[in-house]
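One structure is given below, encoded as structure tokens.
Please treat every number below as a calculation from the coordinates, not as lab data. Bear in mind that the values here come from a model prediction, so they are computed numbers and not experimental data. All Cβ positions, glycine included, derive from the backbone under ideal geometry; neighbour counts span all protein chains shown.
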Amino acid sequence: MNTFAEMGLADGLLKAVRELGFETPTPIQDKTIPHLLSSDQDLIAFAQTGTGKTAAFGLPAIQLTNVEDKRTQTLILCPTRELCMQITKDLKSYSKHIKGINIVAVYGGSSIETQIKALNRGAHIVVGTPGRTKDLIKRKKLLPENVERLVLDEADEMLSMGFKEDLNAILANTPQDKQTLLFSATMSKEVMAITKKYMSDPIELSATRMNTVAENVKHFYYMVHAKDRYEVLKRIADINPNIYGIVFCRTRRETKETANKLMQDGYNADTLHGDLSQAQRDEVMGRFRNRQLQLLVATDVAARGLDVTDLTHIINYNLPDDAEIYIHRSGRTGRAGKSGTSVAIVHTRETRKLKEIENKFGIVFTKKPVPGGKDICTKQLYTLIDRIEKVQVDDQQIEPFMSVIYKKLEWLSREELIKHFVSAEFNRFLDYYKNASDINVSEDQRGDKKGKREKRSRDNRGGTSFSRLFINAGTNHNLNPTLLIGLINEALDSGDAEIGKIEILKKFSFFEIEDAVVKKLINALKGQNFEGVSLMVDASKERSGLSSSKRKKSKYKEHEKDTGSKRGEWKKRGGGDRRKRRKW
């Protein structure tokens, strides 16, 4: 089908769609809307953020609603408050010409009494997060007995966020003969389990994301050492004085630290993460939408549901592990016909991730040199001059002060006055960047650094004395050597510490570091949160340079302490020899 009018949508919906500027349906809308208007068969749709899926399930749900019946007929579940509010806002926009329809959002972090009052007035369509929806059903304030359509939006995200029990409880309370619609970007084992248990002979549809390779989004990357990521972020902001974007970090801890550094350095920035209350989130998002903030530092989960159409930049402080997530991020800029920029800050070990994204989605990344101090100062100076030139002057309000100002500045010539005025605004950039170093890294430097590291090891590390430390995080917590080095550098606020051998195990890890920083590092990392683990770092009983036999004995003792295994079982499985050890 080529237009919404050919799908059989009601006149009121077509009018709203035209007013919103929609003309041609997206692939998922083209496949889903006709099916939902003509069939009550269950549906599984593989669709990502940005494919237009809200309209795909929302327009049919509105058209099929009996406004004379005040009971809830459609229940839509989604993972986050922001997405819940965004879906509700969209549905209200679609239904503004449908008289008598009532759409209610229910989510945690907001007054449940207000939501109960809204439900009591009659809610034809309810959009909710799993926790609050389950609570309202338990209180018998949300009555699901009459639900004809149940929509699970971003089912994979709801399950990954721990809503499995809530979803099972909600689904068990809905009628068996309802129509179930499941929208998910991936088909995990948990999502498959829900489809088998609660869906009957579903039809499967799929749609690629719109703008996967959007021509109006440019993709750049800067290559630096991990310790220089924050410096690059500041230079990106400084070389783009009118930047308005989102900085994506991997963890909540990293978003907090990065945003705090930006604010301390005078940037208009704040953070969005899962530890904020709803009032705090609303306050941050209000300032961001009003452009009082130029940079919003966020995790991927916290940024879901954000509807900001005129972002200039998306900055990947870390590349995501999943290439699909990069597409989610970059698709937030370059919307509504505007151009946008997606930037990745990478180090040499992440070139594989760049290639994976390029090969999978046909994106071409352009490597750019990190802006130098001279370039940044030039850009800032010319931006300041443009701002001065275009500023609106209110003669009436400023006139009473001009005589004093003239008198105070009359000793300055025209040229000197301009220099003083510009310097008052510009000196901080000149001072900061006057000795700015070149922090660019080439792919070739990786090999050079590795060779130097191996040579240092052969030369007894130049006489540096090392200690072996234990940390209570391992592969089970997604720790790898790169992340561990990053944790160490951040804790020491320096990348100069000498790091030796790193050994990552399942539940814990060991690493060697120069004696001079051991005490500071242990104190700095103690109690920090990493992937839900409260970190504990301590000196290992095994020191660097132990003999092979002593190393095996020491490793057994640490293994026995962590797992409670017996020595006989340890020997039976090959002792300290990984080649002989079987999986427990």
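This ranking places Val297, Val391, Val533 by how few other beta-carbon atoms lie within 10 Å of each, fewest first, which gives Val391, Val533, Val297.
Which order do the peptides 309-319, 31-41 come out in when sorted by mean C-beta neighbours inside 10 angstrom, highest first?
Details: 309-319: 19.7, 31-41: 17.2.
Listed from highest to lowest mean packing, they are 309-319, 31-41.
Spacing of the modelled spin labels on Arg291 and Lys197, each 7 Å from Cα toward Cβ, amounts to 4.9 nm. Under 5 Å between amide hydrogens, built in the peptide plane, is the criterion, and for Ile203 it picks out Asp42, Leu43, Ile44 among residues at least 5 positions away or on other chains. Could you tell me the calculated FRET efficiency between Ile405 and Asp431, based on Cβ-Cβ distance and R0 = 30 angstrom, to the nearest 0.05? Step by step, r from the Cβ atoms, then E = 0.65. Looking at region 5-206, the DSSP beta bridges with both ends there are about 0 percent antiparallel. Approximating the spin labels as points 7 Å out from Cα along Cα→Cβ, the Lys99-to-Asp395 distance works out to 5.5 nm.
If each residue of separation counts as 0.36 nm, what is the full-extension length gain between Glu204 and Phe220 once their alpha-carbon separation is subtracted?
Values: separation 16, 0.36 × 16 = 5.76 nm, distance 3.60 nm.
Contour length minus Cα-Cα distance gives 2.2 nm.
Residues of region 360-402 with the amide nitrogen closer than 11 Å to a label point 7 Å from the Cα of Ser423, along Cα-to-Cβ, please. Answer for region 360-402: none. Cβ-to-Cβ counts within 10 Å put His225, His420 in ascending order as His420, His225, the fewest first.
Taking the Cα centre of region 14-81 as origin, work out the dipole magnitude from +1 charges on Lys and Arg Cβ and -1 charges on Asp and Glu Cβ, in debye rounded to 20. Could the numbers behind the result be given before it?
Details: 7 positive and 7 negative charges, 46 e Å.
In debye, rounded to 20, region 14-81 gives about 220.
Here Asp228, Asp201, Asp90, Asp300 are placed in order of increasing Cβ neighbour count within 10 Å, fewest first, which gives Asp201, Asp300, Asp90, Asp228. For the peptides 426-435, 181-190, the ranking by packing is 181-190, 426-435, with the highest mean count of neighbouring Cβ atoms within 10 Å listed first. Any idea what the relative contact order of region 5-206 is, in percent, if you count C-alpha pairs under 8 Å spaced at least 6 apart? The value is 29 percent.
Distance from the alpha carbon centroid of region 250-311 to that of region 78-118 works out to 23 angstrom.
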